[in-house]
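All remarks here apply to the structure that follows.
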Amino acid sequence: MDEDTLQRRRRLYGDDHPDTLASADNLANGLSALGRCEEALALREETLAGRRRVLGMDHPGTLRTAHNLASDLADVGRVEEAVVLCEETLERQQRVLGVDHPGTLLTASNLVIRLAEVGRVGEAVVLCEETLECQRRVLGEKHSDTLHSVEVLEWAKGQRVDGGES
């Protein structure tokens, strides 16, 4: 259905229409969920370029696509690139959406994992502690994102013990 919707929107509105770009991002989500990571990555890169061109670098839709692209990059083993994009996206989200926005907190949580994966465990632990504090305040103790960050913090601390950066 997502593929059909994207084809129809491209035909009716063109490649750069905001609705077409939203459909492309949705399709990339579906492709990623199905394990079609390379296809998702290619579509997401194209979508991010379009959203930046049409909506601007700081538009919430652009930032959401950038966040998703960072995950796609990590999924195909391009973790260093994922870290760079995630750091850039987090900085923009903090400035545009605010440090307590759920999207900002989600990007921060994902950055924690990527930082630990590239050996920047100390930074990961600090960021995770800060993020978890905000999530508890904004989302509550029982929210799934908060609970996930508790698990990620324990994992990141274990990375330090297992030979990661102190």
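Rounded to two decimals, the Cα-based Rg/Rh of segment 76-166, with Kirkwood Rh, is 0.97.
Only DSSP H runs of four or more residues enter the estimate; each adds -39500 (n - 2.57), and after division by the residues of the chain the mean residue ellipticity at 222 nm equals -27000 deg cm²/dmol.
Compared with the dominant principal axis of the Cα atoms in the chain, helix 79-96 is inclined by about 80°.
Solvent-accessible area assigned to carbon and sulfur over segment 57-121 amounts to 54 percent, based on a 1.4 Å probe. Summary value for segment 46-125: 23 percent relative contact order, contacts being C-alpha pairs under 8 angstrom separated by 6+ residues.
Each Cα pair under 8 Å and six or more residues apart adds its separation to the average, and for segment 93-166 the resulting relative contact order is 32 percent.
Note on segment 76-116: Cα Rg divided by 2.2 N^0.38 Å, N the number of residues, gives 1.12. Using C-alpha pairs under 8 Å with a sequence gap of at least 6, the mean separation divided by the residue count of segment 1-141 gives a relative contact order of 14 percent. Against the chain, whose longest principal axis is taken from its Cα atoms, helix 37-55 shows a tilt of about 70°. On full extension, the segment bounded by V84 and H17 gains 21.4 nm, given 0.36 nm per residue less the C-alpha separation. The heavy atoms of V112 offer some 0 square angstrom of accessible surface to a 1.4 angstrom probe. Label separation (N26 vs E46): 1.8 nm, computed from points 7 Å beyond Cα along the C-beta direction. Relative to the longest principal axis of the Cα atoms of the chain, helix 60-75 runs at roughly 70 degrees. When peptides 19-29, 5-15 are sorted by average Cβ neighbour count within 10 Å, with the highest value leading, the order is 19-29, 5-15. Judged by the mean number of other Cβ atoms found within 10 Å, the most tightly packed of the peptides 57-67, 95-105 leads the ranking 57-67, 95-105.
The calculated Kirkwood hydrodynamic radius for the chain is 16.5 Å, given to one decimal from all distinct C-alpha pairs.
The mean accessible area for residues of the chain, using a 1.4 Å probe and ignoring ligands and nucleic acids, is 52 Å² per residue. Using equal-weight Cα scatterers in the Debye expression, the normalised intensity of segment 1-42 in log10 at q = 0.32 Å⁻¹ is -1.02.
The values are calculated or read from the model by the stated rules, or taken from the named source; none is laboratory data. These figures come from a predicted structure and were not determined experimentally. A quick note on method: Cβ atoms are made from the backbone with ideal geometry, for glycine too, and the neighbour counts reach across all protein chains shown. Note: accessible area is taken over every heavy atom of the protein model, side chains too, but ligands, DNA and RNA are not part of it. Shrake-Rupley method; radii C 1.70, N 1.55, O 1.52, S 1.80 Å.
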